[in-house]
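Structure first, then comments.
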Amino acid sequence: MDVVVTGGAGFIGANLCRLLGAAPGIGRIVALDDLSTGSRSNLPHDGRIELREGSILDRAALDAACTEADAIVHLAARPSVPRSLADPVASHEVNASGTVAVLEAARRAGDVHVIVASVEPALAGRGQASFVVPEKTPGLSMGQKFSKMGIRASHTAEVVLEDCRIPGSCLLGGKDRLDERLARARDGQRSQSQAAMATFEATRPAVGAQALGIARAAYEYALDYAKERKQFGRAIVENQAIAFKLADMKTRIDGARLLVWRAAWMAATRKPYLNGEGSMSKLVAGETAVHVTEEAIQILGGYGYVRDYPVERWHRDSKIYTIFEGTSEIQRLVIARAISGVRVQ
Ligand SMILES: Cc1cc2nc3c(=O)[nH]c(=O)nc-3n(C[C@H](O)[C@H](O)[C@H](O)COP(=O)(O)OP(=O)(O)OC[C@H]3O[C@@H](n4cnc5c(N)ncnc54)[C@H](O)[C@@H]3O)c2cc1C
């Protein structure tokens, strides 16, 4: 079977083409060059893939390619892309056995909620406990689902608790440990850290690693683009104004990566974060992702701002990393308190 591949899915597109090429029964692949830069530059060179001028919206190119093929695979980076392009694809006359495959991100809601509640309000933050609460618990319901600026493939909704009674069996860590911790807090003894905060501190390197992935994708895409795009007779990367941006992007990414690796290594070897190292990794990785993705938009110029290219999406996705799992301000607070021993407000 011969296949036409079209559409943008960033670097994933090249891997999908590879998988497609390895699938039994696939003969020749005609790739239209509306594939994103990352996909195009990473296509395998095995002689079976032909890169051809054209796009899914270019009727003539699509016609020509489809008369030779049995199927069209449209690689869509965003669910909105296949929807808006559904008509031209669906109404297109390909061979009688023609197939249109649209690849979209899947979405799945969780089965349990982890809820942090005050069990002894007089002890403030030290009087809290975490509960694992099944979704079907009476009194627990889902509120509105939010429409977000970025990470739109992830489901974010209100969790409403109304007269929700949670049995002691849902207590995370068990009652004995909670009783011991509360007794220490009542006696005024210092515990090493507050349980919920300690959990966040440990999960922050993983969240930092996600932010780093977005920053890296945007940097690699912008670097490829800057080498390819010619203006005023030369590739735009030959201008210091662009090359220095890329140098700064790479430097900041590598710095953030080392902080993430250090925090992950400390967690793996059970070394305590005495200076807020978990927070440092997430703070720097999150802010790096916002900065790098914005610079990537600038490097792509007008194409950076339009939705046909993935960098504007990466920028929208990156912003959450300065907000959830502790805002950047709170990360600085954690680090400031850890290094000074002062309860900075
Ligand atoms: C997409 C998404 C997913 C989320 N997922 C989860 C989740 O799975 N679980 C969960 O528990 N929460 C989740 N959250 C909530 C998220 O963690 C909070 O939005 C975030 O911690 C900020 O809290 P807030 O919105 O109440 O802002 P506020 O606390 O009102 O803060 C507003 C501003 O004031 C600053 N600020 C507040 N207090 C201080 C202070 N003491 N010192 C200095 N600055 C301060 C903040 O940094 C921020 O800039 C999610 C949020 C979003 C948007």
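Pull out the extension gain between MET142 and GLN298, defined as 0.36 nm times the separation in residues minus the alpha carbon to alpha carbon distance; nm, one decimal.
Details: separation 156, 0.36 × 156 = 56.16 nm, distance 3.94 nm.
That works out to 52.2 nm of additional length.
Suppose R0 equals 25 Å. What FRET efficiency, 1/(1 + (r/R0)^6) with r the Cβ-Cβ distance, do GLN345 and LEU258 give to the nearest 0.05?
Working: r = 31 Å, r/R0 = 1.22.
Computed FRET efficiency for GLN345 and LEU258 comes out at 0.25.
Contour minus end-to-end for GLN189 and LEU51, with contour as 0.36 nm per residue of separation and end-to-end as the Cα-Cα distance?
Numbers: separation 138, 0.36 × 138 = 49.68 nm, distance 6.85 nm.
Extra length from GLN189 to LEU51 when fully extended: 42.8 nm.
Mind giving me the nanometre distance, one decimal, between the label points for ASP163 and MET149, set 7 Å out from Cα along Cα→Cβ?
Roughly 4.0 nm, to one decimal.
If I stretch the segment between ASP179 and MET1 completely, what's the gain in nm (0.36 nm per residue apart, minus their alpha carbon distance), one decimal? Don't jump to the answer; show the numbers that get you there.
Values: separation 178, 0.36 × 178 = 64.08 nm, distance 6.63 nm.
Difference between extended and current length: 57.5 nm.
Would you please classify the overall shape of segment 195-340 from the alpha carbon gyration tensor, given that a ≥ b ≥ c denote the square roots of the eigenvalues, rounded means a/c under 1.5, and beyond that prolate means a/b larger than b/c while oblate covers the rest? If you can, show how the numbers build up before the last one.
On the way: a/c = 2.94, a/b = 2.33, b/c = 1.26.
Verdict is prolate for segment 195-340.
How far apart, in nm, are two points set 7 Å out from the Cα along the Cα-to-Cβ line at ARG337 and at GLU68?
That separation, rounded to one decimal, is 6.5 nm.
Which pairs in the list LYS250/LYS282; LYS271/LYS319; LYS227/LYS250; LYS145/LYS319; LYS136/LYS175; LYS230/LYS319 are over 21 Å apart, alpha-carbon to alpha-carbon? Please list the in-between numbers first.
Values: LYS250/LYS282 17 Å; LYS271/LYS319 30 Å; LYS227/LYS250 15 Å; LYS145/LYS319 19 Å; LYS136/LYS175 23 Å; LYS230/LYS319 30 Å.
Cα-Cα > 21 Å for LYS271/LYS319; LYS136/LYS175; LYS230/LYS319; rest within.
Which peptide among 134-146, 215-227 comes first, and what is the full order, when sorted by highest mean count of other Cβ atoms within 10 Å? Each step should come with its number before you reach the end.
Numbers: 134-146: 11.7, 215-227: 22.7.
Per-residue Cβ counts within 10 Å, averaged per peptide and sorted highest first, yield 215-227, 134-146.
Considering the zone a paramagnetic label at ALA206 would reach in this model (a point 7 Å from Cα along the Cα-to-Cβ line), which residues of segment 280-315 have amide N under 19 Å from it?
Counting backbone N atoms under 19 Å from the label point, the list is 280-286.
By average Cβ neighbour count within 10 Å, what is the ranking of 283-292, 247-256, 313-322 from highest down? Don't skip to the end; give the middle numbers.
Values: 283-292: 25.6, 247-256: 16.9, 313-322: 21.9.
By packing density, highest mean first, the sequence is 283-292, 313-322, 247-256.
Once you keep just the Cα pairs under 8 angstrom separated by 6 or more residues, what percentage relative contact order results for segment 195-340?
Numbers: 189 pairs, mean separation 48.5, N = 146.
Reported relative contact order: 33 percent.
Only the coordinates and a few stated rules stand behind these numbers; no lab work does. This one's a predicted model, so the numbers in the text were calculated from it and none came from an experiment. We place every Cβ from the backbone using ideal geometry, glycine too, and count neighbours over all the protein chains shown.
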